[in-house]
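A short worksheet on the structure shown next.
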Amino acid sequence: MTATIEPTTAPRRTASVAAIAVALLLVYVIWGSTYLGIRVVVEDVPPMLGMGARFLCAAALLALVLGLRKGFGALRVSRAELLGCGFLGLMLPVLGNGVVALGESKGAPSGLTALLVATAPLTIMVFRAATGDRPGRWSVLGVLIGLVGVAFLVLTSNSSEQNRVPLVATLLVLMAATFWAFGSWYQPRLTMPTDPLVATVHEMWTGGVILLLFGFLRGERAGFTGHPTQAWVAWVYLVVFGSMVGYTAYVWLLANAPISLVATYAYVNPVVAVALGALILDEVVTGAMLVGGLLIVVAVAVVISVERPRVERPDEPAPVEP
């Protein structure tokens with residue numbers, strides 16, 4: 001989870017079909033795999049400290065790239081812009097990504113986590129409706145289907161002793177998805193830097209600092225030694241690919257591909273996450289999980305398909321990677 005971007009309704013310049021396909025594949029696979037990466041990291045690294053260090057390193061690397069390309073003066077922001085980035089840093093990297101990591105550290109499988117986080121676009125619709133933006137019938141139907149899917153997942157995740165998921169872990173992930181949705185919904189009301197990558201740098205470093213502070217307050221301690229190789233590999237993957245490569249591909253797609261195509265990541269990522277969790281971590285995929293997950297994916301697809309044509313109004317930014 002990094003920043004939010006105001007989507008555009010049309011490409012600003014021509015790009016080849018092959019380039020769009022590659023960028024879209026990167027977003028599908030990389031962001032879908034971040035849930036797996038987080039699950040591996042939190043097996044051995046304290047969740048808040050691990051994610052805080054991730055975002056600080058990603059912010060430093062992205063700032064270096066931007067500084068070399070545009071000059072380090074491009075990273076300067078006003079006080080109001082820094083406050084806006086700091087608020088999003090709290091909502092997305094901290095209360096979104098950080099709480100997701102906390103939920104996975106307490107036993108939430110990566111596939112189930114991805115399916116629950118996929119409800120963010122549905123929650124955004126609820127926030128819109130609560131502030132007077134009445135959704136259409138299909139949007140309401142999509143939200144209702146999604147709520148049924150979530151209820152089904154939560155209730156069935158504790159139905160089998162063998163595959164039981166701690167309720168607190170499930171609730172933490174749902175809470176993270178809600179904060180993620182709120183930050184995404186509220187973002188257009190904030191004063192933000194015009195360059196989305198500059199905004200991302202400040203959002204990530206502020207979020208990283210808060211995560212480290214929360215980690216220390218929770219009593220988390222972690223050194224640079226004693227962690228297995230797979231934890232380091234997963235952490236580096238989250239920094240380089242999850243927070244930099246995937247996000248850059250996403251920003252490029254917003255400028256070069258129809259938003260209706262780019263938005264498909266929201267219901268492809270959970271499918272990728274479930275598949276990777278089963279293949280690599282041997283996570284159990286139950287029939288109940290497939291049914292609940294399918295309901296959520298269908299609900300997100302319905303909401304995105306009926307809402308995207310109206311997205312030229314800057315009140316529904318697209319949330320990005322976890």
Exercise. When Ala114 is evaluated against the numbered criteria (1) crowded, with 24+ Cβ neighbours inside 10 Å; (2) touching a Ser or Thr at 6+ places or on another chain (Cβ under 8 Å); (3) part of a helix (DSSP H, G or I), which criterion, by number, is the only one it fails?
Worked result: (2)
Exercise. Right, Leu82: within 25 Å of Leu254 (Cα to Cα), assigned to a helix (DSSP H, G or I), at pLDDT 95 or above and among the aliphatic types (A, V, I, L, M) or not?
Worked result: yes
For this session: Run down Thr194, Thr156 and say which single residue is surrounded by fewer than 22 Cβ atoms within 10 Å (Cβ to Cβ) and at pLDDT 85 or above.
Result: Thr194
For this session: Run down Met204, Met125 and say which single residue is more than 24 Å from Leu295 (Cα to Cα) and at pLDDT 80 or above.
Result: Met204
Exercise. Could we say that Ala255 is small (Gly, Ala, Ser), surrounded by fewer than 21 Cβ atoms within 10 Å (Cβ to Cβ), modelled with pLDDT under 90 and under 22 Å from Gly89 (Cβ atoms) here?
Worked result: no
Exercise. Does Gly89 satisfy the condition of being part of a helix (DSSP H, G or I) and surrounded by fewer than 16 Cβ atoms within 10 Å (Cβ to Cβ)?
Worked result: no
Problem set entry | Enumeration of residues in the range 166-215 that are over 15 Å from the mean Cα position of the chain (by Cα), closer than 27 Å to Gly67 by Cβ and of a type in the set (A, V, I, L, M, F, W, C) | Leu190, Met192, Leu197, Val198, Ala199, Val201, Trp205, Val209, Ile210, Leu211, Leu212, Leu213
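Okay, residues lined up against (1) part of a helix (DSSP H, G or I); (2) among the hydrophobic types (A, V, I, L, M, F, W, C):
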{"site": "Leu213", "(1), (2)": "yes, yes"}
{"site": "Gln230", "(1), (2)": "yes, no"}
{"site": "Trp235", "(1), (2)": "yes, yes"}
{"site": "Ala255", "(1), (2)": "yes, yes"}
{"site": "Tyr267", "(1), (2)": "yes, no"}
{"site": "Val274", "(1), (2)": "yes, yes"}
{"site": "Ala278", "(1), (2)": "yes, yes"}
{"site": "Val285", "(1), (2)": "no, yes"}
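The values are calculated or read from the model by the stated rules, or taken from the named source; none is laboratory data. Values in this document were obtained by computation on a predicted structure and should not be read as measured data. Methodologically, a virtual Cβ is constructed for each residue, glycine included, from the backbone with ideal geometry; neighbour enumeration extends over all protein chains shown.
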